[in-house]
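In what follows, a structure is listed as C-alpha cells, so that the remarks can point back to it.
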C-alpha cells in the first residue's frame, strides 16, 4: 500500500472524494497537505452539530446514517477531569486536552492529544470544514463554567435549540439565556419557580417546559408547545379550549400535553363540554406541520379528531384526544386556513 503522502495531488483528491467528510477531517489532523483540500468540499448531506456543556465539555457531528464524530475537551487538575469543590468556575480557554473519536461503519476509533486551539477555534473550524450554518442543539447541564467564557465561545454563532437540563443549570436559567446566542427552540423540563413566567412570555418558536400551574399555560406565546400534563385536569383542558376560542394563546400552532389524569368518574369527552365541534372520521387524513423538536421539520398526517373554531376570526383547529391507562394525551392543531 502506498502511503498517502507519497501520492500525487490528483490521486489524493480521488482518495479524499471517496471518503466521508468525517474521515477526511480525521485524516487532515495527520496530514497537513490534506487540510487545504477538504475546506473546498461541499458534502451535500444534512449534518447535525450538537454541543454539550456539562462537568466536561464535548461536541458532536452526526449524519443521517448514524455516524458520529465526537470532540471531548478536558481540563486536567490534580489528576481529575472534573471541577472540584471550592475550585473557581472554569473557562473555555483552559482546555489542555482534546479526545476525538469516530463511531461509524461498525467501527470506533480515535485518539487524545493537546488541544492547541481554544474551544471557540475548534467550533469555527468544525463549522468551516463541514459547511455548517449553525449549532443545532446546545445542551446546558452544569454551572461549572464562567458565563463570560461561554458567551465569548459562542458569540455570533447561530443557535437553533437550547436544552437546559438538570436542577443546577435550571436554577441559573436566566444567566444562561443572557449568555448564549438567541435561539428558536427552548427545552427546560425543570421549572425553577415563579420567575420562570417571564420566559414563558418570550416568543420562542417552540417550547418544551414544565409548568407549575394552569395559569402559566395561558401566558405562553410560543407556536409549538410540549408539556407533561400531570398537574392539569379535564376541566383545565376544557377551560383552555374555551379561552382559546375567545382569543387566548393567539400564536398557538400545535400544543401537545401528555399524561393528563382521568378520574374514575370522569370522561375525556368532557374536554369538549359546551364547545361546538365537528367530529371528523378517522378515515379522513390531513397534512399538518410536524412538531419542530424532531428536526428536520416535516409534515405529518392527522387522522380524524374534533374540529372547533375560534370566535374572534373563525380560525379552525383540530382537537385530538387519546386515552390510556388512567390518563390521556391532548393535542391542539391550529390550521393556517
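Mean separation of Cα pairs under 8 Å and 6+ residues apart, divided by the residue count of the stretch 161-288: what relative contact order is that in percent? Write out the running numbers ahead of the final one.
Working: 167 pairs, mean separation 23.5, N = 128.
Taking the mean separation of contacting Cα pairs over the length of the stretch 161-288, I get 18 percent.
Could you check the simple spin-label distance between residue 242 and residue 311, using points 7 Å along Cα→Cβ, in nm with one decimal?
1.0 nm
To the nearest 0.05, how large is the calculated FRET efficiency for residue 324 and residue 151 if R₀ is 35 Å and r is the Cβ-Cβ distance? List each step's numbers first, then the result.
Values: r = 44 Å, r/R0 = 1.26.
With a Förster radius of 35 Å, E is 0.20.
What is the gain in length, in nm to one decimal, between residue 97 and residue 65 on full extension, counting 0.36 nm per residue of separation less the C-alpha to C-alpha distance? Please list the in-between numbers first.
Values: separation 32, 0.36 × 32 = 11.52 nm, distance 2.86 nm.
The residue 97-residue 65 span can extend by a further 8.7 nm.
How high is the relative contact order of the stretch 213-337, given as a whole-number percent (alpha carbon pairs under 8 Å, six or more residues apart)? Could you put the intermediate results ahead of the total?
Values: 229 pairs, mean separation 32.7, N = 125.
Relative contact order, the stretch 213-337: 26 percent.
Could you calculate the contour length gain from residue 128 to residue 84, that is, 0.36 nm times the residue separation minus the distance between their Cα atoms, to one decimal place in nm? Intermediate results must be reported in sequence, preceding the final value.
Working: separation 44, 0.36 × 44 = 15.84 nm, distance 3.48 nm.
That works out to 12.4 nm of additional length.
Tell me, what is the FRET efficiency for residue 282 and residue 336 to the nearest 0.05, using R0 = 25 angstrom and their Cβ-Cβ distance as r?
Efficiency computed from Cβ-Cβ geometry: 0.65.
Readers should treat all values here as calculations from the given coordinates under stated rules, not as data from a laboratory. Since the structure is predicted, the reported quantities are computational estimates derived from the model, not experimental observations. So basically every Cβ, Gly included, is an ideal-geometry build from the backbone, and we count neighbours across all protein chains shown.
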